[in-house]
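> Just dropping this structure here.
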Amino acid sequence: MKQIKAISVFLLCSLLFPSCEREIMEWEERPEEQKVTTAELPLELAEKIERYEPLKTYADYVLGAGIGMDLYMNDEVYRNIVNENFDEVTVGYAMKHGAMVNSQGEINFAPVDAFIAMTNEAGIDVYGHTLVWHANQNASYLNSLIAPTVIPGSSGSNALDITGLQDGSFTGWARNNPGDGITVVDGEGLGDNAKAIQLVAGSGAANAWDLQLASPQVPVVSGNDYEVSFYIRSDQPGKGRVSFSGLANNYPWQDWYATGGEYTEAFETTSQWQEVKFTVSDFTGTSFGMSLDLGYLPGVTYYIDVDSFSVVDLDAEAEVVNLIANGDFENGTLDGWGGWGNESTRSVSAAGEGYNSTYAMVLTNPTEAQLWEAQQVYTLNEPLEQGSEYTVSFYVKADVPATIQFQLQNPDYAADYSGGIEVGTNWQQVVRTVTATTADRNKFVFDFGQTAATIHIDDVVLTSGEVAAGSPPVIVEMSDQEKAEVIGAAMEDWITKMVTRYTSEVTAWDVVNEPMREGGSLRDGNVTDPASDDFYWVKYLGKDYAVTAFKLARENAEPSDVLFINDYNLEASMAKLDGLIEYVNYIESQGATVDGIGTQMHVSLNTSRENIVEMFQKLAATGKIIKVSELDVRLGTASPTAAQLADQAAMYQFIFDSYREYIPAAQRYGITIWGVSDHEKEHEFWLPNESPNLWDANYQRKHAYKGVADGLAGRDVSEDFTGDLDY
């Protein structure tokens, strides 16, 4: 559905209705003194319109209004018009996934609960809009569920020589007990085409040492702590340990996964990658060796990611002097940093969101501008040395692909620039060199105004020495099957909780919204430039996403609740209408039931009346309950002429008359008019500079009010009026 409130994606009708731009009239802005209002209608007509009863008086089916929830709750005039004239309301935005689901997947029911309490008091029903749509989703949350696992790389140099593993030669390594084979294989490690050590336990394996790979000696500094880590998985549940040479305790029991759990001799493995990480320090000499002992269980195949296998000296001397004192943000503050520009914001991340650390700096730029129009600045204790080359390094990621740069700046804003830096959505390390061209460079500046994005930055280093780049992070993508399982669970959670929460108050739902392309094929979610709140369930769940949605809704709804599929432009494209009907047939062939079909009908004066008739005829032939779900009639201007107002009334009446004529009574659910008035508060995001509704900007009845009332009644109601009219 095209929402009344809080959607910035579909402001232009060319985006909303890609197949019917020809129907949209040219904008017409008239001088203020020439604008026509309802008060300027012929007096006899205006007085007739005022004598009509509230609209729902004339209806023998559900008459609904698409409304803004905040307007209904806070504007008494607006609310009274709705309560007096309509049986049912459809909230334009507030009951959608994007409005109700937070970043943790929790549903905030409170605003809708309060709204429904108010409609209950007024005796107005609420229509459920909408359960599964591709727009107005909390796409950030849903995408986070299927985001790649980012395994941080080592922050220090690897003291373990893994070159014999990387080239498959095992130089320096000893396959003491090879079991059924110890080899290096491509494509089985973390990330695309990454190498892994494959270790296969023989059928007779029973002891840890029955499958053993020993490392080269690792040089150490006495008294320092060394962190040993690697990632491992197995084709079936497995078990392993690490034994040593050169330690005081060569068979230590460990809390292998650093979870604060029980210390054991061995760790367990599954088909999922998991990290084994622990610290050793009880060296008896200047080096130590270790063995992977994986022979506990017979017939298990293990994979250890080659590049993740590391030994890092945690107490190594710092190699650089960082001129930015608060570059890792581990004190939980932005001490020393400040910024401005483009209404941007800056903060410290939530705990655990840093790069391989607790905290990161978070910079948010709300709108696209020039790079330098949003800045974050660190003022150095002393100016940099003229002519000296400095190395800058930091880790960075963004919620969308973004461009940033950094500067070395002086008090008068002259600067030495890094040039544009392209930032992706996974952590990456940036290492650049820049020369201070003058002796007064005393500020380090991030420029981030070019892209509307939220950017995380961590471990910022500015030094006159060299920065040793750590190993890059490893990106592990979910399989298509895993994504389908996760997204399917998210859909089930959302539908189940919404329908059960409002099972007594909401008796009809848009279960699936706008599934079709204009040509009549099913959307597949493969779009090049999705909006920030777009999420295509079909992309991950396939053609049966709607089957699942209808089954879930039916399982949780009352048996009498009416479940709809809904789409737009059905009066403009018979191919799209035919495709939707075909998809409904498919859904039902898979065991789900679709009770009704909704046709939105965002139309104009130029919309083909023949097409409208054909649409209703085809919809009636399905035998389904039919609803006109979002009716409005555009005029292409906010200042219509009296003739345009009359034409608008005639189009409204034609649609109501056609609905009554071509949709059998048993199949009529009703008609919902999308919006109440032409007041600018209702049209900030939907059809701005327009006049599509039944009340004008001053909440006075328009000519269209009479057209709708006569269409509902099936006759010219004003012919029944008796008595003299006052002119």
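> Can you list the strands (runs of 3 or more DSSP E) found entirely within segment 220-333 that contain at least 1 residues being under 29 Å from ILE475 (Cα atoms) and touching a helix residue (DSSP H, G or I) at 6+ places or on another chain (Cβ under 6 Å)?
Hits in segment 220-333: 238-245, 287-293.
> Pairs, please: C-beta under 8 Å, at least 6 apart or cross-chain, first residue farther than 21 Å from LYS627 by Cβ and in segment 77-97, second assigned to a loop (DSSP other than H, G, I, E, B) and polar (S, T, N, Q)?
Note: pairs meeting the criteria are HIS97/ASN136; HIS97/GLN137; HIS97/ASN138.
> Considering only residues that are in a strand (DSSP E or B) and aromatic (Phe, Trp, Tyr), look in segment 649-701 and name the one that is surrounded by the fewest Cβ atoms within 10 Å (Cβ to Cβ).
Result: TRP695.
> When you scan segment 299-313, do you find a residue that is surrounded by fewer than 18 Cβ atoms within 10 Å (Cβ to Cβ) and in contact with a strand residue (DSSP E or B) (Cβ under 6 Å, 6 or more places away or on another chain), even just one?
For segment 299-313, residues surrounded by fewer than 18 Cβ atoms within 10 Å (Cβ to Cβ) and in contact with a strand residue (DSSP E or B) (Cβ under 6 Å, 6 or more places away or on another chain): absent.
> Let me ask something else. Being at pLDDT below 95, in contact with a Phe, Trp or Tyr (Cβ under 6 Å, 6 or more places away or on another chain) and not assigned by TED's automatic domain parsing to the domain that holds GLN198 narrows it down to one of TYR390, TYR355, TYR378, so name that one.
The match here is TYR355.
> Give me the pairs, please: first residue somewhere in segment 362-385 and assigned to a loop (DSSP other than H, G, I, E, B), second residue anywhere and β-branched (Val, Ile, Thr) and surrounded by 16 or more Cβ atoms within 10 Å (Cβ to Cβ), beta-carbon distance under 7 Å, and either six or more positions apart or on two chains.
So the pair list comes out as GLU368/THR451.
> Would you say VAL512 is part of a helix (DSSP H, G or I), assigned by TED's automatic domain parsing to the domain that holds PHE564, buried (at least 20 other Cβ atoms within 10 Å of the Cβ) and in contact with a strand residue (DSSP E or B) (Cβ under 9 Å, 6 or more places away or on another chain)?
Answer is no for this residue.
> Then there's this: Residue check: is ALA704 of a type in the set (Gly, Ala, Ser), under 24 Å from ASP125 (Cβ atoms) and surrounded by fewer than 21 Cβ atoms within 10 Å (Cβ to Cβ)?
no
> Another question about this same structure. Could you tell me which of the residues ARG441, ARG432 is in contact with a Pro (Cβ under 7 Å, 6 or more places away or on another chain), more than 30 Å from ILE304 (Cα to Cα) and among the basic types (Lys, Arg)?
None of the others qualify; the one that does is ARG441.
> Let me ask another. Look at ARG432 and say whether it is of a type outside the set (Ser, Thr, Tyr), closer than 30 Å to ILE475 by Cβ, more than 29 Å from the chain's Cα centre (by Cα) and surrounded by 15 or more Cβ atoms within 10 Å (Cβ to Cβ).
For ARG432, the condition - of a type outside the set (Ser, Thr, Tyr), closer than 30 Å to ILE475 by Cβ, more than 29 Å from the chain's Cα centre (by Cα) and surrounded by 15 or more Cβ atoms within 10 Å (Cβ to Cβ) - is met.
> Can you list the strands (runs of 3 or more DSSP E) lying wholly within segment 403-462 that have 2 or more residues being farther than 20 Å from ILE324 by Cα and either in contact with a strand residue (DSSP E or B) (Cβ under 7 Å, 6 or more places away or on another chain) or modelled with pLDDT under 95 (or both)?
Here the list reads 421-423.
> Next question, about the same structure. Is it the case that some residue within segment 551-563 is part of a strand (DSSP E or B), over 30 Å from GLU485 (Cα atoms) and not acidic (Asp, Glu)?
no
> Another question about this same structure. Starting from segment 580-594, take each residue that is without any contact (Cβ under 8 Å) to a residue 60 or more places away in the chain and list its partners that are hydroxyl-bearing (Ser, Thr, Tyr) and assigned to a loop (DSSP other than H, G, I, E, B), counting only C-beta distances under 8 angstrom and pairs at least six apart or across chains.
Matching pairs, first to second residue: ILE581/THR622; VAL584/THR622.
> Return a yes/no flag: does segment 617-625 have any residue that is assigned to a helix (DSSP H, G or I), at pLDDT 95 or above, crowded, with 24+ Cβ neighbours inside 10 Å and in contact with a Ser or Thr (Cβ under 7 Å, 6 or more places away or on another chain).
Yes; the residues of segment 617-625 include at least one that is assigned to a helix (DSSP H, G or I), at pLDDT 95 or above, crowded, with 24+ Cβ neighbours inside 10 Å and in contact with a Ser or Thr (Cβ under 7 Å, 6 or more places away or on another chain).
> Going through segment 177-219 one residue at a time, which ones are in a loop (DSSP other than H, G, I, E, B) and among the aliphatic types (A, V, I, L, M)?
Result: LEU190, ALA194, ALA201, ALA205, ALA206, LEU211.
> Continuing with the same structure: For segment 521-537, what are the residues that are buried (at least 20 other Cβ atoms within 10 Å of the Cβ) and either in a helix (DSSP H, G or I) or basic (Lys, Arg) (or both)?
The answer is TRP537, and nothing else.
> Another one. Within 18 Å of VAL511 (Cα to Cα), among the hydroxyl-bearing types (Ser, Thr, Tyr) and either modelled with pLDDT of 95 or more or crowded, with 17+ Cβ neighbours inside 10 Å (or both): does that describe THR90?
Yes; evaluated as a whole, the condition is true for this residue.
> Right, GLY179: farther than 24 Å from VAL280 by Cα, in the same structural domain as ASP293 (by TED's automatic domain parsing) and crowded, with 17+ Cβ neighbours inside 10 Å or not?
yes
> Could you identify the single residue in ILE612, ILE587 that is closer than 30 Å to GLU690 by Cα, in contact with a Phe, Trp or Tyr (Cβ under 8 Å, 6 or more places away or on another chain) and in the same structural domain as GLU661 (by TED's automatic domain parsing)?
Unique residue meeting the criteria: ILE612.
> Go through (1) in contact (Cβ under 8 Å) with a residue 24 or more places away in the chain; (2) within 30 Å of LEU380 (Cα to Cα); (3) surrounded by 15 or more Cβ atoms within 10 Å (Cβ to Cβ) for GLY338 and report which single condition fails.
If we test GLY338 against (1) in contact (Cβ under 8 Å) with a residue 24 or more places away in the chain; (2) within 30 Å of LEU380 (Cα to Cα); (3) surrounded by 15 or more Cβ atoms within 10 Å (Cβ to Cβ), just (3) comes out false.
> A further question follows. Can you tell me how many residues within segment 473-502 are part of a helix (DSSP H, G or I), touching a strand residue (DSSP E or B) at 6+ places or on another chain (Cβ under 9 Å) and more than 14 Å from TYR141 (Cα to Cα)?
5
> Look at segment 96-121 and say how many of its residues are under 25 Å from the mean Cα position of the chain (by Cα) and at negative phi.
17
The values are calculated or read from the model by the stated rules, or taken from the named source; none is laboratory data. Just so it is clear, the model here is predicted, and its values are computed rather than measured. Every residue, glycine as well, gets a Cβ built from its backbone with ideal geometry; the counts of neighbours run over all protein chains shown.
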